[in-house]
Amino acid sequence: MALSEHYLDDEIHPIDIVETLASHNDWDFDRTADNQISMAVEGQWRTYSVTLAWSDYDQTLRMVCSFEMEPPQERLDALYGALNEVNDQCWSGAFSYWAEQKLMVYKYGLLLAGGALASPEQINRLISSAVVNAERYYPAFQLVVWGGRTPKEAMQVAIAEAYGHA
């Protein structure tokens, strides 16, 4: 059964859909406000913090997928170079480093202006794409920050496709 078959009311709030998805996937979550939810999504490399917030003002469902990162000051330029390389590869969403919070974030906004409605499948894909991208580029960021690699060298890890199982 498709996720959207659980919803008969076309006017369901996007954060209600996210809460249902979080429950369905057994993710720890906290409905921090009527228009915001935060959850922990387990990945291969780490657990990611995923927050979604609905803005009535511009009719956008905003998502931030983040993980802690504390690069040494002398590696920040290389990290910013890696961010440029990574964002050239991302077709939806973008990574940023929030130095004050010591967080690497993947951001995306789903614009639903003009009465458009988000489906559970869209929101599920939004969350899964964020985690997939974080998982894909996490090793490259680590190589740049802690391995002393150049952004181009580190990107070879993210670009390489793994085949089979270990």
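From most to least packed by mean Cβ count within 10 Å, the peptides 19-26, 42-49, 137-144, 119-126 give 137-144, 119-126, 19-26, 42-49. Computed over region 21-142, relative contact order equals 23 percent, with contacts defined as Cα pairs under 8 Å that lie 6+ residues apart.
Computed over protein heavy atoms with a 1.4 Å probe, the carbon and sulfur contribution to the accessible area of region 1-125 reaches 45%. Using C-alpha pairs below 8 Å separated by at least 6 residues, the relative contact order for region 53-124 is 39 percent. Please give the residues of region 108-136, grouped as numeric ranges, whose backbone N is less than 15 Å from a label point set 7 Å along the Cα-to-Cβ vector of residue 20. Inside the label zone: 117-125.
The helix-based estimate of mean residue ellipticity at 222 nm for the chain, built from -39,500 (n - 2.57) per DSSP H run of four or more residues and divided by its residue count, is -12000 deg cm²/dmol to the nearest 500. Given R0 = 35 Å, the distance between the Cβ atoms of residue 76 and residue 11 translates into a calculated FRET efficiency of 0.15.
Compactness check for region 1-157: Cα Rg over 2.2 N^0.38 Å is 1.12.
Between residue 113 and residue 35, the contour length at 0.36 nm per residue exceeds the Cα-Cα span by 26.5 nm.
The values are calculated or read from the model by the stated rules, or taken from the named source; none is laboratory data. For clarity, every value in this text was computed on a predicted model and none was experimentally measured. Quick reminder, even Gly has a Cβ in these numbers, built from the backbone with ideal geometry, and neighbours come from all protein chains shown. All accessible areas refer to the heavy atoms of the entire protein, side chains included, with ligands and DNA or RNA removed. Shrake-Rupley method; radii C 1.70, N 1.55, O 1.52, S 1.80 Å.
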